[in-house]
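The values are calculated or read from the model by the stated rules, or taken from the named source; none is laboratory data. The model shown is predicted, which means the values in this text are computed figures rather than measured ones. Glycine gets a Cβ as well: all are built from the backbone with ideal geometry, and neighbour counts include every protein chain shown.
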Amino acid sequence: MDLQLILDQINSELRPLLGTSGGKVASYIPALARVSPLQFGIALRTCEGEVAQAGDSAVPFSIQSMSKMFSLTLAIRSLDEALWDRIGREPSGSPFNSLVQLETERGIPRNPFINAGAIAVADRLVSLGDANVELLALLGRLCGEPIRIDAEVAQSEADTGFRNTALANFMKGFGTLDNDVATVLDVYFQQCAIAMTCEQVACAAGYLCRDGRHPLAGVPVLSSAQTRRVNALMLTCGTYDAAGEFAFRIGLPCKSGVGGGIVAVVPDRLTLCVWSPALDATGNSLLGRQALELFVAKTGLSVF
Ligand code: DON
């Protein structure tokens, strides 16, 4: 299969739709509202190390909630089963920043990929040490290049993170968080503001298609059982209240972010990252989703 040709075809089919797709860049974080929607990039890396890319695949973008996959990885590495004492594993069926379930479910977030769940994961990482130093070090090792936080985006999130502050305070009131709310939120906002390219994300996520083995060095990042679990959570919860639709139309574990990125895993084959900043109503990249649908249609690669 000529993967480079397939990515080139997807880029040629979707690029003419930039600006006309009807999607909108995330506006509730001012620094993201300034990003041009007229960008589309796609990159993949196979288990054998073959790479392919097209469009704006080398442009850094805000990975936002895609960081939740990597922070979960760090937390599972250290805590394994104990992580699940305070975080659920069920799809929420609600928007990623929803407060409603927390009230009836006694401050336990439905899963680690909604905002409340990732804030609870950040709290566990704060208890374990210097959370974001660890996270940047992990990402740097996974893609073999230094990775940085975009300070302007992090500040913009902190300035406007009213709903996240509410979620964190609510969980603190229920005893879900051990650490100071401001410290945990600072870690969370900085994680969301990590900037990476499609090429870097496709490489960094490589352990998820290789039973947990490091994409470059081959050493274990997670055990194969832990890797299956991260993939299962991505499939069921990685795209929020659109997870059912993603499973139906694409059939791959995916994790999205409001920066417009989506990473997808084809177990035992490859990892793929697509980015286009204009989002649909569920906060998922509109052209990103179409690109993944085209990729699956052209390659037949799906877990089903
Ligand atoms: O906390 C927030 O709302 C953002 N920093 C991240 C949200 C996000 O990416 C959800 N994605 N679809």
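All of Ala195, Ala151 fail the test of being touching a residue at least 60 places away in the same chain (Cβ under 8 Å) and under 20 Å from Ala122 (Cβ atoms), apart from Ala195. Pairs meeting the criteria (first residue in the range 4-32 and closer than 21 Å to Leu272 by Cα and part of a loop (DSSP other than H, G, I, E, B), second residue among the aliphatic types (A, V, I, L, M) and more than 16 Å from the ligand (Cβ to nearest atom), beta carbons under 8 Å, at least 6 apart or on different chains) are Leu18/Leu38. Cβ-Cβ distances below 7 Å connect the following pairs, each with a first residue in the range 268-279 that is in contact (Cβ under 8 Å) with a residue 60 or more places away in the chain and buried (at least 24 other Cβ atoms within 10 Å of the Cβ), a second residue that is polar (S, T, N, Q) and not in a strand (DSSP E or B), and a separation of six or more residues or different chains: Ser276/Gln39; Pro277/Gln39; Ala278/Ser21.
Filter the range 74-89 for residues that are farther than 23 Å from Val153 by Cα and in contact (Cβ under 8 Å) with a residue 40 or more places away in the chain and give the result. Matches in the range 74-89: Ala75, Ile76, Arg77, Ser78, Leu79, Asp80, Leu83, Arg86, Arg89.
Listed conditions (1) over 23 Å from Glu134 (Cβ atoms); (2) free of Cβ contacts under 8 Å to residues at least 40 places away in the same chain; (3) not acidic (Asp, Glu) are all met by Ala243, apart from (2).
With respect to the conditions (1) outside any loop (DSSP other than H, G, I, E, B); (2) within 30 Å of Leu7 (Cα to Cα), Glu145 lacks only one, and its number is (1). Applying the set (1) modelled with pLDDT of 95 or more; (2) within 16 Å of the ligand (Cβ to nearest atom); (3) under 30 Å from Leu222 (Cα atoms) to Pro37 leaves exactly one unmet item: (3). Among residues of the range 116-140 that are closer than 25 Å to Cys203 by Cβ, those with a Cβ under 9 angstrom from a residue that is surrounded by fewer than 16 Cβ atoms within 10 Å (Cβ to Cβ) and of a type in the set (Lys, Arg), sequence gap 6+ or separate chain, pair up as Leu136/Arg148.
Table: residues versus (1) among the acidic types (Asp, Glu); (2) in contact with a helix residue (DSSP H, G or I) (Cβ under 6 Å, 6 or more places away or on another chain); (3) buried (at least 20 other Cβ atoms within 10 Å of the Cβ); (4) at positive phi.
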residue: Arg148; (1), (2), (3), (4): no, no, no, no
residue: Glu152; (1), (2), (3), (4): yes, yes, no, no
residue: Asp159; (1), (2), (3), (4): yes, no, no, no
residue: Val187; (1), (2), (3), (4): no, yes, yes, no
residue: Ala195; (1), (2), (3), (4): no, no, no, no
residue: Ala204; (1), (2), (3), (4): no, yes, yes, no
residue: Asp211; (1), (2), (3), (4): yes, yes, no, yes
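Evaluating Ala217 against the criteria (1) in a helix (DSSP H, G or I); (2) closer than 23 Å to Ala75 by Cβ; (3) out of contact with any helix residue (DSSP H, G or I) (no Cβ under 6 Å at 6 or more places or on another chain) leaves one unmet condition, (1). When the range 54-107 is examined, which residues are found to be within 21 Å of Val258 (Cβ to Cβ), over 18 Å from the mean Cα position of the chain (by Cα) and modelled with pLDDT of 95 or more? Of everything in the range 54-107, those that are within 21 Å of Val258 (Cβ to Cβ), over 18 Å from the mean Cα position of the chain (by Cα) and modelled with pLDDT of 95 or more turn out to be Gly55, Asp56. Scanning the range 71-119 for residues that are at positive phi and either among the small types (Gly, Ala, Ser) or within 16 Å of the ligand (Cβ to nearest atom) (or both) gives Gly93, Gly107. Applying the criterion of being in contact (Cβ under 8 Å) with a residue 60 or more places away in the chain and touching a helix residue (DSSP H, G or I) at 6+ places or on another chain (Cβ under 6 Å) to the residues of the range 172-185, the residue that is farthest from Arg124 (Cα to Cα) is Leu185.
Which residue out of Thr165, Thr176 is of a type outside the set (A, V, I, L, M, F, W, C), within 13 Å of the ligand (Cβ to nearest atom) and within 19 Å of Ser98 (Cβ to Cβ)? The conditions single out Thr165.
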